[in-house]
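J.: There's a structure below that I have some questions on.
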Amino acid sequence: MRQAVGVSVPTFVVDSRAEAEHVLAGEIADLLRARPEAVLGLATGNSPIGVYRDLCALHAAGEVSFARATTFNLDEYLGLQDGDPRTFRRWMQTHLFDHVQPRSTNLPECHAPLASADAVAVRYEQALQAAGGIDLQVLGIGLNGHIGFNEPGSTRTSRTRVVELDQRTRKHAVRVFGDLAQVPTQAITMGVASILDARRLRVLAFGAEKAEIVRRTLFDPISAECPATFLRGHHDVKLYLDAAAAELIEDSALPS
Ligand code: F6R
């Protein structure tokens, strides 16, 4: 693992994606051993899937317990039926929760029919605060620079709320929903400020398709046009990249 120098976020380029997954799963396991009642912030998607696989393996080996842990996920689609296999709730059950059984798991519960999504969002933010905030937040970065579903235009001070999904985000989700018309147009997401309140942020980006957004995250002006740039203000953030995702970081920043 090599650390990039002179970049605005502590950035680690790993030899293989498995190395980053192993390091982050290990850090989460260490946190749970030191503080069994830790609050974990979780993401869905391709980036963290191997971390969850490693955590399931550690749990199966008796090396970590989630019995007193609380989790909060970043986001959930609005308007799917409860139990729909395409909800992030189902995804989390399949990839982590059913295997490790945390004490309490939270996602914005915004299934149809729903009277007031705004009220769900407000309650989610309150629950986050009441739990004492997030000890460690796992994040991926969207191709448009979103974190959670904080799409371009999301401000630094935004909190958990209902959002319209960006066209690029919806097109990306066609791989799950089959066709664009099926992809929800709205979601509930933790806000940028809700995410930045986490005591540690651990960000993963793998593959060539992430190279350009990684470059923008590290080098573009910090602004709502690319919400991932707000990560640069955080006091304990680490970014893990494979070689393909690090392709557009200056050679001078990456000592061999
Ligand atoms: C997922 C989430 C998103 C993803 C991002 C990257 O809960 O909030 O911000 O982290 O879209 O997705 P992947 O990892 O699938 O490339």
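J.: Out of all DSSP beta bridges with both ends in the chain, state the antiparallel percent to the nearest 5.
T.: Counting DSSP beta bridges with both partners in the chain, the antiparallel share is about 30 percent.
J.: Where the centre of each part is set by its Cα atoms, how far does the range 192-256 sit from the range 36-92, in angstrom?
T.: Rounded to whole Å, the Cα centres lie 22 Å apart.
J.: Out of the total accessible area of the chain (probe 1.4 Å, heavy atoms of protein only), what percent is carbon and sulfur?
T.: 51
J.: Would you kindly state how much longer the chain becomes between Asp118 and Leu143 on full extension, computed as 0.36 nm times their sequence separation minus their alpha carbon distance, in nm to one decimal?
T.: My answer for the length gained is 6.4 nm.
J.: Kindly sort Lys171, Lys210, Lys238 by accessible area of their heavy atoms, largest first, with the probe set to 1.4 Å.
T.: Lys171, Lys238, Lys210
J.: Continuing with this model, one more query. Check every DSSP H run in the chain and write down those whose alpha carbon atoms cover 15 angstrom or more along the long axis and whose mean Kyte-Doolittle hydropathy is 0.5 or greater.
T.: Membrane-span-like by this criterion, though nothing is claimed about a membrane: 49-60.
J.: Between Thr94 and Lys171, what length comes free when the chain is fully extended (0.36 nm per residue of separation minus the Cα-Cα distance, one decimal in nm)?
T.: Length gained between Thr94 and Lys171: 25.4 nm.
J.: Could you calculate the FRET efficiency of Gln129 with Glu212 from 1/(1 + (r/R0)^6), where r is the beta carbon distance between them and R0 is 51 Å, rounded to 0.05?
T.: Rounded to the nearest 0.05, the efficiency is 0.90.
J.: Could you compute Rg(Cα) / (2.2 N^0.38 Å) for the range 1-130, with N its residue count?
T.: 1.18
J.: Taking R0 as 35 Å, what FRET efficiency do you get between Leu180 and Arg232 from their Cβ-Cβ distance, rounded to the nearest 0.05?
T.: Step by step, r from the Cβ atoms, then E = 0.60.
J.: How big is the shadow of the Cα convex hull of the chain, averaged over all directions, in nm²?
T.: Computing the convex hull of the Cα atoms and averaging its projections yields 12.8 nm².
J.: Need one word for the range 129-191: rounded, prolate or oblate. Basis is the Cα gyration tensor (sqrt eigenvalues a ≥ b ≥ c); a/c below 1.5 gives rounded, then a/b vs b/c decides.
T.: Here the range 129-191 falls in the prolate category.
J.: What's the local net charge at Ala208, with K and R +1, D and E -1, over the other residues with C-beta under 11 Å away?
T.: Charge balance in the 11 Å sphere: -3.
J.: Another question about this same structure. Can you work out D for the range 84-171 in µm² s⁻¹ from Stokes-Einstein, where Rh is the Kirkwood radius over C-alpha pairs, the temperature is 4 °C and the viscosity is 1.567 mPa s?
T.: The estimated diffusion coefficient comes to 87 µm²/s.
The values are calculated or read from the model by the stated rules, or taken from the named source; none is laboratory data. Since the structure is predicted, the reported quantities are computational estimates derived from the model, not experimental observations. Ideal geometry is used to build each Cβ from the backbone, glycine not excepted, and the neighbour counts take in all protein chains shown. Accessible surface areas use protein heavy atoms only, side chains included; no ligands, DNA or RNA. Shrake-Rupley method; radii C 1.70, N 1.55, O 1.52, S 1.80 Å.
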